[in-house]
Amino acid sequence: MKEKKLLLKIKKVFCALFGHTKIQSQFFGYWYCGRCGEQLGDSLGGVYSAEDVVIIGHNCETCRKNHKKLKWHEKILVPNPFKKNA
Ligand SMILES: [Zn+2]
Ligand SMILES: [Zn+2]
């Protein structure tokens with residue numbers, strides 16, 4: 001599993017350089033970066049704005065619209081958020 005560790009390291013470096021991607025996963029009100037997996041915030045306290053976020057696996061109109069606005073560095077090293085997990 002050395003390669004996986006290395007890949008995560010690359011992802012974290014990428015996030016540090018370009019910022020976390022707007023493609024994020026949501027779990028019980030908590031938001032996680034779709035690239036490095038870091039917790040970015042929670043919407044429970046109402047402090048996290050997820051207006052322009054693409055939620056992984058959501059595939060709604062808003063998410064697809066937001067996805068079109070993403071820049072290249074927000075899509076690189078991030079899995080396709082609209083692809084169903086097998
Ligand atoms: Zn990240
Ligand atoms: Zn959505």
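No lab work stands behind these numbers, since they all come straight from the coordinates. What you see is a predicted model, and the numbers here were worked out from it, not measured in a lab. Don't worry about glycine lacking a Cβ; one is built from the backbone with ideal geometry, like all the others, and counts go over all protein chains shown.
For region 38-75, which residues satisfy the criterion of being on the phi > 0 side of the Ramachandran plot and in contact (Cβ under 8 Å) with a residue 12 or more places away in the chain?
G57, N59
For region 49-86, enumerate the residues that are of a type in the set (D, E) and more than 17 Å from R35 (Cα to Cα).
Matches in region 49-86: E51, E61.
Among the residues of region 40-73, those that are touching a Phe, Trp or Tyr at 6+ places or on another chain (Cβ under 8 Å) and closer than 20 Å to F14 by Cβ comprise L40, G41, V53, H67, H73. Of all residues being assigned to a strand (DSSP E or B) and more than 10 Å from ligand 1 (Cβ to nearest atom) in region 13-38, which is surrounded by the fewest Cβ atoms within 10 Å (Cβ to Cβ)? Just the residue, please. Going through the qualifying residues, I end up with F27. Among the criteria (1) among the charged types (D, E, K, R); (2) away from ligand 2 (no atom under 16 Å from the Cβ); (3) assigned to a loop (DSSP other than H, G, I, E, B), the one D52 does not fulfil is (2).
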